[in-house]
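S.K.: Pasting in a structure now, in structure tokens, and then I'll have a few things to ask.
The values are calculated or read from the model by the stated rules, or taken from the named source; none is laboratory data. Bear in mind the structure is a predicted one, so any value in this text is a computation, not a measurement. Positions of Cβ are generated from backbone atoms using ideal geometry, with glycine treated the same way; all protein chains shown enter the neighbour counts. To get the accessible areas, we keep the full protein, side chains included, count just its heavy atoms, and leave off ligands, DNA and RNA. Shrake-Rupley method; radii C 1.70, N 1.55, O 1.52, S 1.80 Å.
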Amino acid sequence: MWPTLTLLALLAAGVCYVGLRRCRAEAEAERERQQREFESLYQQHEQARARELAQQQALFNSMSEGVLVLDGEGRVRLVNQALERLFGVTGDLRGRTVMEALRLHQVQELVNQTLLKGQVDDFELELPGLDGNRSLQVNSAVVLGADGRQQGMILVCHDLTRLKQLENTRREFVANVSHELRTPLSMIKGYVETLIDGAKDKPEVAMKFLQTIEKHADRLTYLIEDLLAISRLESGQIVMNLQRTEPRGVVERVISDLETKAAAKPTRLVNEVPAELAANADADRLQQVLFNLVDNAIKYGRPGGSVVLRARRNDRKQLELSVQDDGPGIPPEAQNRIFERFYRVDKARSRDAGGTGLGLAIVKHIVQSHSGAVWVESVPGQGATFFFTLPDISGGL
Ligand code: ADP
């Protein structure tokens, strides 16, 4: 009996042991499954967080405004690429103070003001740069937590350099125009007053004065015409009527328009443009370009000299047209500047010749509207050659 009972008890204990082990193994497997599930969820969460962070960083970096975020201790927490570009800083700036990161007392001053006032708008910052000063406008504000305590600060910087340059150009242009208009007007007024005061009774001086008045009135007319042309070109009011245009014919018309002026100098005008060449161009605008260049070549060329017009196809599917004179030429330092509005090498000479200082600016505008380029080559004392390019369609479109 006892052996049987013992056997049964052993059997029961064995069954219990096996059952217990199975239970433990199942529990272990379940725990591992849960662990894997947790790890996979955690990984997914981390990946989503990393994606979100990358998106935020990309957004932050794509902003044109420079952004700087400071923590509660005034140390850099975040900067975007625009800010690094604006201030010319590189490397990891996080954890540094503003002075360590940007090395600018003005920014530290702005941070101090913001801490005092809570917010500063339109703070003007001038940064010295290699290509001139940069003008920034900065808005800053402290960042408050849910408990109303200061947690940091955000600074947003707008680059106003281009805007300021445009504003300066506009101001300079207005000042130049006023000056250019005032000069002939005061001359006209002066001569008229002299005539009224008695010169009208002396026929020999009266005629001279009247001719001078006429010359200045003409200058005013040219100036206003050129100003209108520039304004129409710049505002896009003049749409280029691009069509097959043969430059040789256009050159012929320009030569005939300037024949009298050339004969008076005298200057010989020579058309060497091959008849078979054709450009995709607005014929009237091309005539205006050539007129200005030939008119200048006569004005600034030497009496008894010649002006030669040529054209050739270059290897970039362009027609390269040129106007060459044998006058005094243009000094190297002025060769780029003569295309600016109102820039003249010799002011008195230009005015005396009826120049407005706008002819080459108009030329440049028209050529660029044809996707072309204009430039001058000149050795002082040996004449000047103006070149410009137009789309070449001599062999068809
Ligand atoms: P302007 O009405 O004074 O002629 P432009 O814009 O046509 O104005 O030309 C600008 C300046 O470029 C002129 O004032 C002159 O000093 C210089 N210039 C232009 N063409 C020539 C040339 N062929 N030879 C010498 N100087 C020239």
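S.K.: Look through Ser178, Ser140 and report the one residue that is exposed (fewer than 11 other Cβ atoms within 10 Å of the Cβ) and either part of a helix (DSSP H, G or I) or at pLDDT 90 or above (or both).
M.R.: Ser178
S.K.: List the number of the failed condition for Leu110; all other conditions in (1) open to solvent by less than 70 Å² (accessible area, probe 1.4 Å); (2) out of contact with any His (no Cβ under 7 Å at 6 or more places or on another chain); (3) free of Cβ contacts under 8 Å to residues at least 40 places away in the same chain hold.
M.R.: Leu110 satisfies every listed condition except (3).
S.K.: Okay, moving on. Looking only at the stretch 76-107, how many residues end up being open to solvent by 30 Å² or more (accessible area, probe 1.4 Å), over 17 Å from Met63 (Cβ atoms) and more than 23 Å from the chain's Cα centre (by Cα)?
M.R.: 13
S.K.: Looking at the stretch 312-324 only, could you name the residues that are part of a strand (DSSP E or B) and not aliphatic (A, V, I, L, M)?
M.R.: Of everything in the stretch 312-324, those that are part of a strand (DSSP E or B) and not aliphatic (A, V, I, L, M) turn out to be Arg312, Arg313, Gln318, Glu320, Ser322, Gln324.
S.K.: Residues of the stretch 175-225 being farther than 19 Å from Gly357 by Cα, in contact with a helix residue (DSSP H, G or I) (Cβ under 6 Å, 6 or more places away or on another chain) and not hydroxyl-bearing (Ser, Thr, Tyr), which ones?
M.R.: Once the filter is applied, which keeps residues that are farther than 19 Å from Gly357 by Cα, in contact with a helix residue (DSSP H, G or I) (Cβ under 6 Å, 6 or more places away or on another chain) and not hydroxyl-bearing (Ser, Thr, Tyr), the stretch 175-225 yields Ile188, Leu195, Ala199, Lys200, Val205, Ala206, Phe209, Ile213.
S.K.: Return the residue satisfying two criteria in turn: it lies in the stretch 325-378 and is in a loop (DSSP other than H, G, I, E, B) and β-branched (Val, Ile, Thr), and of such residues it is farthest from Thr221 (Cα to Cα).
M.R.: By that ranking, first place goes to Ile330.
S.K.: Hey, could you check the stretch 286-309 for residues that are aliphatic (A, V, I, L, M), away from the ligand (no atom under 11 Å from the Cβ) and over 11 Å from Val363 (Cβ atoms) and say which is nearest to the chain's Cα centre (by Cα)?
M.R.: So the residue we want is Leu309.
S.K.: Any residue in the stretch 329-349 that is free of Cβ contacts under 8 Å to residues at least 24 places away in the same chain sitting within a Cβ distance under 7 Å of a residue that is assigned to a loop (DSSP other than H, G, I, E, B) and more than 8 Å from the ligand (Cβ to nearest atom)? List the pairs, counting only those 6 or more apart or interchain.
M.R.: Pairs that qualify, where the first residue is free of Cβ contacts under 8 Å to residues at least 24 places away in the same chain and the partner is assigned to a loop (DSSP other than H, G, I, E, B) and more than 8 Å from the ligand (Cβ to nearest atom), are Val345/Pro331.
S.K.: Would you confirm, using the coordinates I've provided, whether Glu225 is at pLDDT 95 or above and either surrounded by 15 or more Cβ atoms within 10 Å (Cβ to Cβ) or of a type outside the set (A, V, I, L, M, F, W, C) (or both)?
M.R.: Considered against the rule, which asks whether it is at pLDDT 95 or above and either surrounded by 15 or more Cβ atoms within 10 Å (Cβ to Cβ) or of a type outside the set (A, V, I, L, M, F, W, C) (or both), Glu225 comes out as no.
S.K.: In the stretch 379-396, how many are on the phi < 0 side of the Ramachandran plot, within 16 Å of the ligand (Cβ to nearest atom) and buried (at least 16 other Cβ atoms within 10 Å of the Cβ)?
M.R.: Number of matching residues: 5.
S.K.: Considering each residue of the stretch 352-375, count those that are within 11 Å of the ligand (Cβ to nearest atom) and surrounded by 19 or more Cβ atoms within 10 Å (Cβ to Cβ), and give that number.
M.R.: 10
S.K.: Separate question: Given the criteria in contact (Cβ under 8 Å) with a residue 12 or more places away in the chain and either closer than 30 Å to Asp122 by Cβ or not assigned by TED's automatic domain parsing to the domain that holds Leu127 (or both), does Glu204 qualify?
M.R.: No: the conditions fail for Glu204.
S.K.: In addition: So is Val289 free of Cβ contacts under 8 Å to residues at least 60 places away in the same chain and in the same structural domain as Gln368 (by TED's automatic domain parsing) or not?
M.R.: no
S.K.: Here are some conditions: (1) within 16 Å of the ligand (Cβ to nearest atom); (2) aliphatic (A, V, I, L, M); (3) in a loop (DSSP other than H, G, I, E, B). Ile238 meets all but one. Which one does it not meet?
M.R.: Status for Ile238: all satisfied but (1).
S.K.: Also, I was wondering about something else. Within the stretch 60-87, work out how many residues are under 18 Å from Gly129 (Cβ atoms) and at pLDDT below 90.
M.R.: 0
S.K.: Let me ask something else. For the stretch 324-332, does any single residue satisfy the condition of being more than 25 Å from Pro247 (Cα to Cα), of a type in the set (D, E, K, R), open to solvent by less than 70 Å² (accessible area, probe 1.4 Å) and near the ligand (Cβ under 7 Å from one of its atoms)?
M.R.: no
S.K.: Given the conditions (1) basic (Lys, Arg); (2) within 22 Å of Ala229 (Cα to Cα); (3) part of a strand (DSSP E or B), report the number of the one that Arg285 does not fulfil.
M.R.: Just one mismatch for Arg285, condition (3).
S.K.: Follow-up. Need the failing condition index for Val345 against (1) more than 8 Å from the ligand (Cβ to nearest atom); (2) among the β-branched types (Val, Ile, Thr); (3) open to solvent by 10 Å² or more (accessible area, probe 1.4 Å), just the number.
M.R.: The one condition Val345 does not meet is (1).
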